[in-house]
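Worksheet for the structure shown next.
Nothing in this text is a laboratory measurement; each read-out follows from the coordinates by a stated rule. Small disclaimer: the values here were computed from a predicted structure and weren't measured. Methodologically, a virtual Cβ is constructed for each residue, glycine included, from the backbone with ideal geometry; neighbour enumeration extends over all protein chains shown.
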Amino acid sequence: MVEFIKIQKCSEKEFELIKITDDIRAAVNGSKIKNGMIFVVVAHTTAGIMVNESLPCLEKDIETSLEELVPLHKNYAHSHFLPSYGAIGGNAPGHLKSMLAGNHCAIPLIDGKPMLGMAQDVYLAEFDGVQMRTVMIEILGE
Amino acid sequence: MIIDVHVHPAFYNPICPDAERITKRKTVMGYDLMSPFPLDIVRKQMRFAGIDKLVLLPEDTTTLDGEAVLSNEEIATLVRMEPERFIGFASVDPHRDDALDILEHAFSVQHLRGLKLHPSKQQFYPNDPKMFPIYELCARHNVPITFHCGLSWQPDTYLKYAHPYLFEDIAIRYPQLRINLAHLGFPWVVETAAIILKYPNVYADTACCYMDCPEQFFEQLFLRQMGPLWVEHNLADKILFGSNNPRFRPARIKRGLESLPFSEETMGKILGGNAVKFLGLEA
């Protein structure tokens with residue numbers, strides 16, 4: 001059996017880690033599937049999905065480290081006029097941070113519970129806010 | 001107060017009634033992979049960027065495209081929804097027989113507070129005497145005019161109509177009329193600087209990032225094409241913060257401006273103080 005749920009989140013900053021663990025639990029609670037896998041996939045190229053410990057200090061370290069790896073100011077080739085958009089590509093750092101974060105995570109589902117470790121939370125990672133973002137949750141199993 | 005004087009609200013949800021109108025707007029205005037978004041996003045973007053007010057610009061190219069793709073009534077609707085955040089301008093296709101009636105209605109009934117004209121798109125020379133009645137009407141109502149100036153990304157636009165020198169006749173003939181040459185007149189940035197330096201009633205906005213990122217582009221414009229002290233010592237009262245959203249995010253254009261080595265006083269004028277004067281918002 002397969003179940004598919006879409007959730008939307010609006011970021012409030014350019015960089016933001018939005019915890020979506022409770023949204024995943026809610027999707028699982030509303031599902032008939034009790035055993036299988038949960039896939040959480042973001043539908044964008046300048047946002048990502050991360051699994052980490054939900055501590056403000058770690059969130060700050062993640063932001064700082066990504067900023068060091070992908071600085072705001074650099075000679076990005078993407079920073080030019082894109083006729084396909086009618087706009088300048090102003091979000092190269094968002095694309096590159098998204099690549100580092102990855103677009104998804106997978107969580108085992110056992111007896112109706114997502115098998116997250118004690119310290120694990122799932123984040124929608126915004127790298128190009130402020131925007132409305134879509135996250136897809138697909139549950140496969142029985 | 002921080003004011004973005006150059007915003008095209010083409011994708012604000014309340015004025016995106018159907019796919020056909022959005023497609024027409026995209027085609028005429030040269031936007032592509034963009035889609036409508038709710039006003040809540042606009043509010044959040046303003047909060048994130050620290051922007052207090054947006055000047056919303058319509059576009060009337062009726063004689064070319066059969067209708068105003070972003071109409072005065074749509075702008076008035078948005079202002080009614082967010083009167084504290086939005087300042088609405090009017091547009092009129094100057095080739096329309098009823099152009100003056102439309103503007104009279106826009107200023108007297110719809111309470112729009114300025115006029116946006118796009119010589120390159122609407123295909124007229126700004127110094128054509130046929131335009132003078134429109135300028136006189138604006139002067140009579142004490143509303144400013146933002147003119148597109150320089151390069152336009154929109155399709156079917158002609159640079160020949162938008163050289164900064166074409167606005168000199170208006171600056172001289174109507175010294176009481178406040179004029180904004182948008183986009184710093186790029187690529188004629190030095191020519192634009194000459195006009196805003198000379199004429200007290202002429203301003204220029206920063207709604208331009210034609211290449212690179214805003215930090216790089218503004219460094220080139222304000223510190224290399226212009227002398228590095230030109231703004232600080234001569235033009236501090238004449239530059240207006242404009243983003244040209246949705247082509248560019250207001251937060252990013254503002255961040256690009258804030259990266260320039262201007263004094264706090266000058267930056268305050270650019271980001272809002274000058275707009276207060278241009279828009280006539282002084283108490």
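Charge tally for A:Gly86 (other residues, Cβ to Cβ under 10 Å; Lys, Arg +1; Asp, Glu -1): +1. Panel order for A:Glu12, B:Glu20, by other beta carbons found within 10 Å of each beta carbon, from fewest to most: B:Glu20, A:Glu12. Restricting the calculation to Cα atoms, region B:1-150 shows an Rg/Rh of 0.95 when the hydrodynamic-style radius is the Kirkwood one.
Taking A:Asn52, A:Asn103, A:Asn75 in turn, the Gaussian network model of chain A (Cα-Cα springs below 10 Å) assigns the largest fluctuation to A:Asn75.
The Cα center of region B:157-194 and the Cα center of region A:1-45 differ in position by 52 Å. Which value in Å does the Kirkwood hydrodynamic radius of chain B take, with 1/r averaged over all unlike C-alpha pairs and then inverted? After inverting the pairwise mean of 1/r, the radius is 18.6 Å.
Spatial offset of region A:82-142 relative to region B:252-283 amounts to 37 Å, using the alpha carbon center of each. Summarising the strand pairing of region B:3-279, around 5 percent of its internal DSSP beta bridges are antiparallel. Spatial offset of region B:202-221 relative to region B:7-52 amounts to 22 Å, using the alpha carbon center of each. Gyration tensor over the Cα atoms of the protein assembly as shown: the corresponding equivalent ellipsoid has semi-axes (square roots of 5 times the eigenvalues, largest first) of 45, 24, 17 Å.
When only Cα pairs below 8 angstrom with a gap of at least 6 residues are kept, region B:179-222 shows a relative contact order of 41 percent.
In a Gaussian network model over chain A where Cα atoms closer than 10 Å are linked, find which of A:His73, A:His95, A:His44 has the largest mean-square fluctuation. In the Gaussian network model the winner is A:His73.
Comparing mean-square fluctuations of B:Lys116, B:Lys53, B:Lys238 from a GNM of chain B with C-alpha springs under 10 Å, the top value falls on B:Lys53.
Note on region A:14-142: Kirkwood hydrodynamic radius from all Cα pairs is 15.9 Å, rounded to one decimal.
Dividing the convex hull volume of the alpha carbon atoms of region B:135-283 by its residue count gives 114 Å³ per residue. Size descriptor for region B:9-51, Kirkwood hydrodynamic radius: 11.1 Å (Cα pairs only, one decimal). Once you have the Kirkwood Rh of region B:120-189 from its Cα pairs, apply Stokes-Einstein at 25 °C and 0.890 mPa s and quote D in µm²/s. Taking Rh from Cα pairs, D becomes 199 µm²/s. Directionally averaged projected area (region A:99-142, Cα convex hull): 4.4 nm². Of the three principal axes defined by the Cα atoms of region A:62-107, the extents in descending order read 39, 25, 12 Å.
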